[in-house]
Amino acid sequence: MSHEAISVFDMFKIGVGPSSSHTLGPWRAAQRFTASLEKKNILDAVVRIEILLYGSLAKTGIGHGTDVAVQLGLSGEDPVTFDVQSIDARMHDIKSMRKILLAGRHEIDFTPSDDIEFLYSESLPFHPNALTFLVELKNGETLAETFYSVGGGFVKKEGEETNTHAEIVLPFPINTNNDLLHWCRYTGMSIHEIVMENELALRTDAEIRSGVMDIWRVMQACIYRGCHTEGFLPGGLQVKRRAFNLNKKLLKGKVYTDYESWLKCIKEGGGQFNYILDWVSCFALAVNEENASFGRVVTAPTNGAAGVIPAVLSYYILFCDASTDDKIIQFLLTASEIGSIFKKGATISAAMGGCQAEIGVSSAMAAAALTESLGGTQRQAMMAAEIAMEHHLGMTCDPIGGLVQIPCIERNTMGAIKAITACQLALQSTPDFAKVSLDGVIKTMWDTALDMNSKYKETSDGGLAINVPLSLSEC
């Protein structure tokens, strides 16, 4: 059986909200398309471009910013570095001037309302998140390329292999939980040590450590920014941000000047159960309110579920005294491996599997990472991941107004709390007596995804999206 080599840096991507599959993926697809034109030496010959959005990308594309992402990707901007405060201005310029600068250097006529087509009733067979780029050249020839945004910011071009690092032979190839357990038993290594050895086949130790800490710093900044930004989320639902007021209420007037002094104030508040519970919720709310506002976030493993892992890792650091770089790196390495196993055995795309594929997977990742970090065995960590997912099975994705706000933001708080609960259950249990394996729950998740009605897969055609009578002014 072939194996797919997925790195921690594939599972955790720095990007822009609100959706990894509907924003980050199409952004990357647009970048890849212009790069393909440049490689063929035909970029300067393009006179017209049209983008076709299919299926879920069409149905929730406006609320998820798919049209915005495509335009920024075609313009040569990168989601890791682009100034998110400039998004509105850039969109205004393209719309008013009716021009777009392909790859940042070749200007053509472009009218977003005409040249981006939302095909609400059409879907391509490989994946619901599909988009096609059509170009016309000066000589009259046309060219088309189709991409699929398959979840978590992963993008597949039609006809290409899916393996992210196809040329790399890892020392410990892993497709399933059983594979991971085999290598742990064979070597005596913990999960994060196995992951580190595999990462060393791709880059140096210094690069790994620096890169993982960069990921954590973006998560930190996102939490802090979300806890200190008030107002309403964009999109027309008039959803009020809650992290700001919750942060203010919990701190009771304490004074701080930066992130580190803020953490100190939080720790001084004590260790009461409801106090800790409120902070975990606050951290998760903060991240996903930023995500809903086109802020900079880390896919973990998706944008819609981006708040779970930062919230649980913050809990580990603040309330379990684990603030060293080594412990943070170990946590994220373990989490990434669990996420990659879910991606290989099922999906991390809500358009394919519903919200169980996003919040459920992120909760399982966080549960396993926390369990191993708190001294649990490899099997207890895997048990925690299974428990977390088992209690997300069947969760639908039914975003109101096609926005990643209701019920998405609150679901991150629930996913984080479930992860901590799953960890505690696993630490107090003996895996020998467990009736359900992690591989078994992953298969069940995939079977459930295949059985799930398509209207509950990120289409806004069912569930809360049609049963909550809210007035939308912009969606």
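Out of contact with any Gly (no Cβ under 7 Å at 6 or more places or on another chain) and either farther than 30 Å from residue 347 by Cα or not β-branched (Val, Ile, Thr) (or both), is that true of residue 104?
no
Take residue 209 and tell me if it is among the charged types (D, E, K, R), assigned to a helix (DSSP H, G or I) and either at pLDDT below 95 or in the same structural domain as residue 279 (by TED's automatic domain parsing) (or both).
yes
Are any of the residues in the stretch 372-388 under 25 Å from residue 289 (Cβ atoms) and crowded, with 24+ Cβ neighbours inside 10 Å?
yes
So which residues in the stretch 80-124 are free of Cβ contacts under 8 Å to residues at least 24 places away in the same chain and either in contact with a His (Cβ under 8 Å, 6 or more places away or on another chain) or within 30 Å of residue 12 (Cβ to Cβ) (or both)?
81, 83, 85, 86, 88, 89, 90, 91 - these are the residues of the stretch 80-124 that are free of Cβ contacts under 8 Å to residues at least 24 places away in the same chain and either in contact with a His (Cβ under 8 Å, 6 or more places away or on another chain) or within 30 Å of residue 12 (Cβ to Cβ) (or both).
Restricting attention to the stretch 191-234, which residues are in contact with an Asp or Glu (Cβ under 6 Å, 6 or more places away or on another chain) and over 28 Å from residue 257 (Cβ atoms)?
191, 195, 208
Residue 432 passes all but one of (1) among the acidic types (Asp, Glu); (2) at pLDDT below 95; (3) crowded, with 17+ Cβ neighbours inside 10 Å; which number fails?
For residue 432, the exception is condition (3).
If I ask for residues that are in contact with a strand residue (DSSP E or B) (Cβ under 9 Å, 6 or more places away or on another chain) and surrounded by fewer than 22 Cβ atoms within 10 Å (Cβ to Cβ), which ones from the stretch 125-134 would you list?
Once the filter is applied, which keeps residues that are in contact with a strand residue (DSSP E or B) (Cβ under 9 Å, 6 or more places away or on another chain) and surrounded by fewer than 22 Cβ atoms within 10 Å (Cβ to Cβ), the stretch 125-134 yields 126, 132, 134.
So which pairs qualify, if the first residue must be in the stretch 288-305 and touching a residue at least 60 places away in the same chain (Cβ under 8 Å) and hydrophobic (A, V, I, L, M, F, W, C), the second must be in a strand (DSSP E or B) and surrounded by fewer than 24 Cβ atoms within 10 Å (Cβ to Cβ), the Cβ gap must be under 7 Å, and the two must be at least 6 apart or on different chains?
Here the result reads 298/14, each pair linking the stretch 288-305 to a residue that is in a strand (DSSP E or B) and surrounded by fewer than 24 Cβ atoms within 10 Å (Cβ to Cβ).
Do you know which residues across the stretch 212-234 are under 17 Å from residue 303 (Cα atoms) and in a loop (DSSP other than H, G, I, E, B)?
233, 234
Would you tally the residues in the stretch 188-220 being in contact with a Phe, Trp or Tyr (Cβ under 8 Å, 6 or more places away or on another chain) and surrounded by fewer than 16 Cβ atoms within 10 Å (Cβ to Cβ)?
Qualifying residue count, the stretch 188-220: 1.
Checking the conditions here, which among 430, 371, 396, 377 is among the polar types (S, T, N, Q) and in contact with a strand residue (DSSP E or B) (Cβ under 8 Å, 6 or more places away or on another chain)?
Step by step, each of 430, 371, 396, 377 is checked, and only 396 is among the polar types (S, T, N, Q) and in contact with a strand residue (DSSP E or B) (Cβ under 8 Å, 6 or more places away or on another chain).
Of these, 283, 273, 294, 244, which one is touching a helix residue (DSSP H, G or I) at 6+ places or on another chain (Cβ under 6 Å) and either more than 17 Å from residue 153 (Cα to Cα) or not assigned by TED's automatic domain parsing to the domain that holds residue 439 (or both)?
After ruling out the rest, the residue left standing is 283.
The values are calculated or read from the model by the stated rules, or taken from the named source; none is laboratory data. As the structure is a prediction and not an experimental result, all values here were calculated from the model. For neighbour counting, all protein chains shown are included, and Cβ atoms are generated from backbone atoms with ideal geometry for every residue, glycine included.
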